[in-house]
Amino acid sequence: MMIETTCIILKPDCMEKRLQGEVIRRFNEQGFEIVGCKMDRLSEEILKEHYAHLVDKPFFPEIVAFMRSRPVIFLAIRGENSIATIRDLLGPTDSTIAPKGTIRGDFGTDKMRNIAHASDSADSAQQELRRFFLPEELFI
Ligand code: ADP
C-alpha cells in the first residue's frame, strides 16, 4: 500500500447535474484528502494532450465539445492506494454498464458523459497533476 496523489476532473455533466458535492463526499468517505482544487475551462490544446490516445477516434471532436461545454473542477486527491481505489469508485468508462453503487453507474449517462475523470496509473497521475496544477497549487 502506498500513499498516492491522483488527478480528478469533475466533468461538465457532473457540474451541470450539481453532483460535485456527492462525488467529493464519496472520496472523503474513503478517507481521502483534497490536496488541490481549482476550476477552469479546458482548451482544445490541453484536451489533445490529455486524451492523446483518443485524438484519432471519430468521436474525438464530440469529446472536445463536451469537455469544453462548461468549466470543470480539477482535484488532487491523496491517500493510501488512491489511484486504483478511485478508479474503482468511478466504475468502467461506459456508464450504461457501470454497476449501481459506482459513481458512473449511479449518475453517468453513456460512454462519454460519465461524470468524472481519474488517473489510471502512477505515471499518468504524475503527468496529469503537472498538466493541470502549478506546483504551488498542490498542498502535498
Ligand atoms: P476513462 O475515462 O475511463 O479512463 P478512456 O481513457 O478510454 O476512459 O476515455 C477517456 C474519455 O473519453 C472517457 O471518459 C469518455 O468521456 C470519452 N470516451 C471514451 N470512449 C468513448 C466512446 N467510445 N464514445 C464517446 N466518448 C468516449
Right, Gly105: free of Cβ contacts under 8 Å to residues at least 24 places away in the same chain, of a type outside the set (Lys, Arg), assigned to a helix (DSSP H, G or I) and away from the ligand (no atom under 15 Å from the Cβ) or not?
no
Can you list residue pairs whose Cβ atoms sit under 6 Å apart, with the first residue in the range 113-130 being within 7 Å of the ligand (Cβ to nearest atom) and the second being not polar (S, T, N, Q) and not in a helix (DSSP H, G or I)? Count only pairs 6 or more apart in sequence or on different chains.
Asn114/Gly108; His117/Ile9
Looking only at the range 39-48, how many residues end up being more than 13 Å from the ligand (Cβ to nearest atom) and under 16 Å from Gln127 (Cα atoms)?
2
Quick one: how many residues across the range 49-87 are among the charged types (D, E, K, R), near the ligand (Cβ under 10 Å from one of its atoms), in a helix (DSSP H, G or I) and more than 15 Å from Asn28 (Cα to Cα)?
1
Return yes when Phe133 is surrounded by 13 or more Cβ atoms within 10 Å (Cβ to Cβ), touching a Gly at 6+ places or on another chain (Cβ under 8 Å) and either aromatic (Phe, Trp, Tyr) or in contact (Cβ under 8 Å) with a residue 40 or more places away in the chain (or both) and no when it is not.
yes
Kindly check whether there is at least one residue in the range 39-48 that is in contact with a Pro (Cβ under 7 Å, 6 or more places away or on another chain), assigned to a strand (DSSP E or B) and buried (at least 20 other Cβ atoms within 10 Å of the Cβ).
no
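FYI, it's all coordinate maths here, none of it is from the lab. These numbers come from a predicted model, not from an experiment. Heads up, the Cβs are rebuilt from the backbone with ideal geometry, glycines too, and the neighbour counts pull from every protein chain shown.
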